[in-house]
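The values are calculated or read from the model by the stated rules, or taken from the named source; none is laboratory data. Here the structure is a predicted model, which is why all the values come from computation and not from measurement. Reconstructed Cβ throughout: ideal geometry from the backbone, glycine too, with neighbour counts over all protein chains shown. Note: areas computed on protein heavy atoms with side chains; ligands, DNA, RNA excluded. Shrake-Rupley method; radii C 1.70, N 1.55, O 1.52, S 1.80 Å.
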Amino acid sequence: MVQRRSLLDIVPHFILALGVIIIAFPVYIAFVASTWDAATISNGQMPLWPGPHFLENYYRTIFIGTAKTTREPVGIMMLNSFVMAMCIAIGKIAISLISAFAVVYFRFPFRMAAFWTIFITLMLPVEVRIYPTYKIVADLRLLDTYAGLTIPLIASATATLLFRQFFMTVPDELVEASRIDGAGPMKFFVDTLVPLSITSVAAMFVIQFIYGWNQYLWPLLITTSDNMQTIVIGIKKMIVTQDALTEWQIAMATAVLAMLPPVIVVVAMQKLFVKGLTETEK
Amino acid sequence: MEKRVTFNGRLLPYMLLAPQLLITLVFFYWPAGQAVWQSFLIEDAFGLSTQFVWFENYQILLSKPDYYRTLAITLTFSALVAFLSLSLALLLAVQADKHIKFASGYKTMLIWPYAVAPAIAGVLWLFMFQPSLGLVSHAIRALGVDWNPVLNPDHAFTLVVMAATWKKIAYNFLFFLAGLQAIPKSVIEASAIDGASPMRRFWTITFPLLSPTTFFLLVVNVVYVFFETFGIIDATTGGGPAKATQTLVYKVYHDGKLGADLGGSAAQSVILMLIVIGLTAIQFRYVEKKVQY
Amino acid sequence: MNNVHLRKVGKIYAGGVEALRDIAFDIPDGAFCVLVGPSGCGKSTLLRMVAGLETITSGEISIGDRAVNDLDPSERDIAMVFQNYALYPHMSVYDNMAYGLRNRKTPKPEIEARVQEAARILEIGHLLDRKPRQLSGGQRQRVAMGRAIVRKPRVFLFDEPLSNLDAKLRIQMRVEIKKLQRTLGITSIYVTHDQLEAMTLADMLVVMNKGNIEQVGPPLQLYERPETVFVAGFIGAPPMNLIELPEGGVAGLALENRPVAPVIVGIRPEHFELAPVGTPAPLGISMQITAIEMVGAETYLYGALDGRGREVIVRVAGKAEQQIGERVTAVAERHNLHFFDPATGRRLAVS
Ligand SMILES: Nc1ncnc2c1ncn2[C@@H]1O[C@H](COP(=O)(O)OP(=O)(O)OP(=O)(O)O)[C@@H](O)[C@H]1O
Ligand SMILES: [Mg+2]
């Protein structure tokens, strides 16, 4: 279509720029707050530009922690979050790949039953079975462990469905060629199917890493000891209703640190992220 | 659809499925079953004996005005967030779909909040609207409004709605943009030749063609408010003040933490499960495509 | 001896579709056997049963005098070229060819030597590091051939390997495949539904129809002496004219020594000759031209017999002077006539 450029384009540019600013504003404010000292923030006169305490605040956040509330260095929390996110993402991908492989490439009694068993978990988010699940994890003595934090979350109907959908598009002739070339099922899986799925796997990884990193309710229930805390839980504990105790500059530095890894993943792997998101949901 | 070519193997497929099935059975089905079972039991005050009471827990729950208030809050919350974040996202997506400079730059700068944890989103907004030191609070005060989300239920609710909307725009934007890009350009061009004004073109052609996406997003947004805003609420208001920001999920968590009424808490969980099943059923049109069996 | 025996082979798919019935023939060592027939007749099914990709419902298949019914595809010592090539998209050309050898624990230097040799024969040496998606259709086809060659199998199996290529390339590759098979001397089974491809490639042609074998033999024999109406109509282009003669005969067609019972008489377009009206001949027809197809070296006249309007095709050499609507007479020699029983479709021995 013929576009009458420039003049008409101002409107979309204006709307989009405004959108970008509004979306970014809360994060910008958090960043600014993380560069000022406690006094400047708490008297309510914080300027709109960064202050001189960037290094000091981030150093304290990462290696020391807040003085009055959590007392755990945020570095440890980030490590916990990272371990949790990686375990969840890799675990989900691994078990979903093999389940999808079984459902698509084999015929066996109760195949559909198995498929539906996995599928129906879509209808059982952790939020609706909080306490019974907590109790099972407690009975298994998995409270305050990485296993308890991650294993109950790595079943994934979404990933299984995505991989199943992808496997269905792999030409049958590749299986036949592999069989003629002397490859059994597992060899076909490892040599051919998984390498072919690499984009789907990467897309899934982006989505699930973010999912894992951002977990809140589950770690809140499962972790009690300070050294098992994740950063998303940790920040909440830094903020207390009696304002006097809250060290906002540290809390905001923590917020920035908590956002950084998943945001970097999304921005750096934007294509994969969009693919992963739109393909799993639709 | 089924594969024509398959492998033989008796034990192998079961071994491949075992990890996933084991986890779903232990951590999904067993607890869900437990919840259903417990919702039919009442424990005496000392936890010494339990009694099977059929639907009494549900009767008790549904006779409390408190529960309906929470339900109403959850529904209002859903409606507001869905409406606000869908309309804003659509507005932005329509602009980003135009062939303008920096379109992909705008896209990147609009989608990243997807990666922000709900709890962190809550903290960001809490800080801006914090009554004594929040930047925006000061601005609002300057306008003569006595802003205080810590004490004022309406203010608290507004805060939670804003944070939840902010967080969901990225997701909706992305799907709207994908939906817009899937509309064949020739259809739009045909309507332009037919002399429709851009506004009219949008409402008579683009918007109807987007309706599957809109419908899908509507359901997703409702699910989001019901189940994923827990972090936002816990980080900003803790359900208060006076339970004004308490959703159904938050109530399950909160009541359960007190630990007094196991049966009642289980009944709440079961009702939530039914809601999820209902929402999933509504979404079935889309799920069907995925399953194809 | 790498001959292939099929003994009373039958196939019933799950769900009850009977795809093949009592298939029996032998392919001698080193022969190029082509399976040809219309779509859905069971060619691929039969080929895939030889490959071990489909189970054998009944009967026995043996390769080199060893029954292979219960062997895995990888144990049958066969190699296959698929219609869509089925190259591993994530592997280089080299790895595509080497994969099967590696799985068989062939020593590295041996693999290297065989791949290089195959690459030389197929002239794809410069492509070895590429991925399949960086290749043209013809190059992919060569890689698929290469993958089969390096294995030095007892039998090559091809399932319509050329049907994804454009017409010109198809002819070129057809010639190459034939040459290659001659040089390597490996027993081959080749599926196609293109009868021209079948005729030019085969030492031994198997015409199939609806899960049955119609006729087996050298291509020329099938052309010259089709045993059934189906083969008569299938082999040759344009196809043989098959005219059904009821007891009373038909107008526009004169046949000496006409059999009394109803028959189908077959005559190839190239065996007609135009003649003046009234020329005495074993077979004469009179028809009105409805269409003319000039293809350069020859011309096909399409016409309708005077009486019942049956379509007949007559070939004339060079350009034709005839016009549409014109009436012509064509004659044929006795030894070029074929007679078939309308009831069974089988060839009749009519003197
Ligand atoms: N997996 C299957 N299950 C059931 N029926 C099948 C299956 N595969 C093929 N058939 C049927 O068996 C018959 C023969 O199929 P086959 O693929 O061998 O035909 P073909 O001669 O190769 O045809 P084409 O030239 O179209 O490739 C057909 O009627 C087909 O519908
Ligand atoms: Mg076929």
Discussion item. Just checking, does the range C:295-305 include any residue being more than 19 Å from residue C:226 (Cα to Cα) and in contact with a Leu (Cβ under 7 Å, 6 or more places away or on another chain)?
Written reply: yes
Worksheet item: Just checking, which of A:33, A:85 is facing chain B (nearest Cβ under 9 Å) and either modelled with pLDDT of 85 or more or under 30 Å from residue A:165 (Cα atoms) (or both)?
Response: A:33
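Go over the candidates C:186, C:177 one by one and state the one that is away from ligand 1 (no atom under 13 Å from the Cβ) and open to solvent by 20 Å² or more (accessible area, probe 1.4 Å).
On the way: C:177 fails: open to solvent by 20 Å² or more (accessible area, probe 1.4 Å).
Being away from ligand 1 (no atom under 13 Å from the Cβ) and open to solvent by 20 Å² or more (accessible area, probe 1.4 Å) holds for just one of C:186, C:177, which is C:186.
Answer yes or no as to whether residue C:39 is outside any loop (DSSP other than H, G, I, E, B), in contact (Cβ under 8 Å) with a residue 24 or more places away in the chain, open to solvent by 10 Å² or more (accessible area, probe 1.4 Å) and out of contact with any Pro (no Cβ under 6 Å at 6 or more places or on another chain).
Working: outside any loop (DSSP other than H, G, I, E, B): no; in contact (Cβ under 8 Å) with a residue 24 or more places away in the chain: yes; open to solvent by 10 Å² or more (accessible area, probe 1.4 Å): yes; out of contact with any Pro (no Cβ under 6 Å at 6 or more places or on another chain): yes.
The answer is no for residue C:39.
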Worksheet item: Can you tell me how many residues in the range B:256-279 are open to solvent by 20 Å² or more (accessible area, probe 1.4 Å), at pLDDT below 85 and assigned to a helix (DSSP H, G or I)?
Response: 3
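Can you name the helices (runs of 4 or more DSSP H) wholly within the range C:128-247 that have at least 3 residues being of a type in the set (Gly, Ala, Ser)?
Details: elements: C:137-149, C:167-184, C:195-201, C:219-224, C:229-234.
Correct list: C:137-149.
Taking the condition over 18 Å from residue C:345 (Cβ atoms), out of contact with any Cys (no Cβ under 9 Å at 6 or more places or on another chain) and within 16 Å of ligand 1 (Cβ to nearest atom), does residue C:220 pass? Lay out the reasoning, then the answer.
Values: over 18 Å from residue C:345 (Cβ atoms): yes; out of contact with any Cys (no Cβ under 9 Å at 6 or more places or on another chain): yes; within 16 Å of ligand 1 (Cβ to nearest atom): no.
Judged against the criteria, residue C:220 is not a match.
Counting just the residues of the range C:2-24 that are on the phi > 0 side of the Ramachandran plot and more than 9 Å from ligand 1 (Cβ to nearest atom), which one comes out surrounded by the most Cβ atoms within 10 Å (Cβ to Cβ)? Full working, then the answer.
As a first pass, look at the range C:2-24 and keep what is on the phi > 0 side of the Ramachandran plot: C:8, C:15-16, C:22.
From the residues that got through so far, the ones that are more than 9 Å from ligand 1 (Cβ to nearest atom) too are C:8, C:22.
Details: C:8: 11, C:22: 14.
So the residue we want is C:22.
Does the range C:154-172 include one or more residues that are within 16 Å of ligand 2 (Cβ to nearest atom) and among the aromatic types (Phe, Trp, Tyr)? Step through it out loud before you land on a result.
Step one: of the range C:154-172, the residues within 16 Å of ligand 2 (Cβ to nearest atom) are C:157-164.
In the following step, the residues that additionally are among the aromatic types (Phe, Trp, Tyr) were identified as C:158.
Checking the range C:154-172: at least one residue is within 16 Å of ligand 2 (Cβ to nearest atom) and among the aromatic types (Phe, Trp, Tyr).
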Item to complete: Within the range A:153-167, work out how many residues are facing another protein chain (nearest Cβ under 8 Å) and open to solvent by 30 Å² or more (accessible area, probe 1.4 Å).
Response: 1
Worksheet item: Does residue B:88 satisfy being within 30 Å of residue B:158 (Cβ to Cβ), among the hydrophobic types (A, V, I, L, M, F, W, C), open to solvent by 30 Å² or more (accessible area, probe 1.4 Å) and more than 7 Å from chain A (Cβ to nearest Cβ)?
Response: yes
Discussion item. I need every pair where a residue in the range B:273-293 that is over 17 Å from residue B:32 (Cβ atoms) and within 9 Å of another protein chain (Cβ to nearest Cβ) has its Cβ under 7 Å from the Cβ of a residue that is part of a loop (DSSP other than H, G, I, E, B) and at pLDDT 55 or above, sequence separation at least 6 or different chains.
Written reply: B:292/B:1
Worksheet item: Which ranges mark the helices (runs of 4 or more DSSP H) fully within the range A:185-282 that have 2 or more residues being open to solvent by 20 Å² or more (accessible area, probe 1.4 Å), within 11 Å of chain B (Cβ to nearest Cβ) and out of contact with any strand residue (DSSP E or B) (no Cβ under 6 Å at 6 or more places or on another chain)?
Response: A:185-188, A:217-222, A:231-238, A:248-268, A:270-281
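Looking only at helices (runs of 4 or more DSSP H) that lie completely in the range B:139-247, which have at least 2 residues being crowded, with 21+ Cβ neighbours inside 10 Å?
Answer list for the range B:139-247: B:153-182, B:207-223, B:230-236.
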Practice prompt. Have a look at A:119, A:163, A:115 and point out the one that is at pLDDT below 90 and either part of a helix (DSSP H, G or I) or under 29 Å from residue B:251 (Cβ atoms) (or both).
Written response: A:119
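Does residue C:328 qualify as being open to solvent by less than 30 Å² (accessible area, probe 1.4 Å), without any contact (Cβ under 8 Å) to a residue 60 or more places away in the chain and either part of a loop (DSSP other than H, G, I, E, B) or within 18 Å of residue C:285 (Cβ to Cβ) (or both)? Give the steps one after another, and end with the answer.
Values: open to solvent by less than 30 Å² (accessible area, probe 1.4 Å): yes; without any contact (Cβ under 8 Å) to a residue 60 or more places away in the chain: yes; either part of a loop (DSSP other than H, G, I, E, B) or within 18 Å of residue C:285 (Cβ to Cβ) (or both): yes.
For residue C:328, the condition - open to solvent by less than 30 Å² (accessible area, probe 1.4 Å), without any contact (Cβ under 8 Å) to a residue 60 or more places away in the chain and either part of a loop (DSSP other than H, G, I, E, B) or within 18 Å of residue C:285 (Cβ to Cβ) (or both) - is met.
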Practice prompt. Answer yes or no as to whether residue C:123 is among the acidic types (Asp, Glu) and either surrounded by fewer than 14 Cβ atoms within 10 Å (Cβ to Cβ) or within 16 Å of ligand 1 (Cβ to nearest atom) (or both).
Written response: yes
Discussion item. Considering only residues that are at the interface with chain A (Cβ under 8 Å from one of its Cβ atoms), more than 16 Å from ligand 2 (Cβ to nearest atom) and part of a helix (DSSP H, G or I), which ones fall in the range C:44-83?
Written reply: C:73, C:74
Worksheet item: List the pairs whose first member sits in the range B:108-126 and is at the interface with chain A (Cβ under 7 Å from one of its Cβ atoms) and more than 15 Å from residue A:238 (Cβ to Cβ), whose second member is assigned to a loop (DSSP other than H, G, I, E, B) and open to solvent by 10 Å² or more (accessible area, probe 1.4 Å), and whose Cβ atoms are under 8 Å apart, counting only residues at least 6 apart or on separate chains?
Response: B:115/A:214; B:116/A:214; B:118/A:214; B:118/A:216
Item to complete: Could you tell me which residue of the range A:88-111 is farthest from residue B:284 (Cα to Cα), considering only residues that are more than 7 Å from chain B (Cβ to nearest Cβ) and surrounded by fewer than 20 Cβ atoms within 10 Å (Cβ to Cβ)?
Response: A:90
Fill in: Selection within the range A:122-152 - within 8 Å of another protein chain (Cβ to nearest Cβ), open to solvent by less than 10 Å² (accessible area, probe 1.4 Å) and closer than 15 Å to residue A:92 by Cβ
A:152
Worksheet item: Among the residues of the range C:279-297, which ones are open to solvent by 60 Å² or more (accessible area, probe 1.4 Å) and without any contact (Cβ under 8 Å) to a residue 12 or more places away in the chain?
Response: C:280, C:293, C:295
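In the range B:15-37, is there at least one residue being within 16 Å of ligand 1 (Cβ to nearest atom), facing chain A (nearest Cβ under 9 Å) and either at pLDDT 90 or above or surrounded by fewer than 16 Cβ atoms within 10 Å (Cβ to Cβ) (or both)? Don't jump to the end; show me each part of the working.
Step one: list which residues in the range B:15-37 are within 16 Å of ligand 1 (Cβ to nearest atom), which gives none.
There is no residue in the range B:15-37 that is within 16 Å of ligand 1 (Cβ to nearest atom), facing chain A (nearest Cβ under 9 Å) and either at pLDDT 90 or above or surrounded by fewer than 16 Cβ atoms within 10 Å (Cβ to Cβ) (or both).
Out of A:153, A:162, A:143, report the one residue that is out of contact with any Phe, Trp or Tyr (no Cβ under 8 Å at 6 or more places or on another chain) and within 26 Å of residue A:199 (Cβ to Cβ).
Details: A:153 fails: out of contact with any Phe, Trp or Tyr (no Cβ under 8 Å at 6 or more places or on another chain); A:143 fails: within 26 Å of residue A:199 (Cβ to Cβ).
The conditions single out A:162.
Would you call residue C:31 more than 16 Å from ligand 2 (Cβ to nearest atom) and open to solvent by 40 Å² or more (accessible area, probe 1.4 Å)?
Numbers: more than 16 Å from ligand 2 (Cβ to nearest atom): yes; open to solvent by 40 Å² or more (accessible area, probe 1.4 Å): no.
Judged against the criteria, residue C:31 is not a match.
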Worksheet entry | Check on residue A:73, within 22 Å of residue A:258 (Cα to Cα), more than 8 Å from chain B (Cβ to nearest Cβ) and without any contact (Cβ under 8 Å) to a residue 24 or more places away in the chain | yes
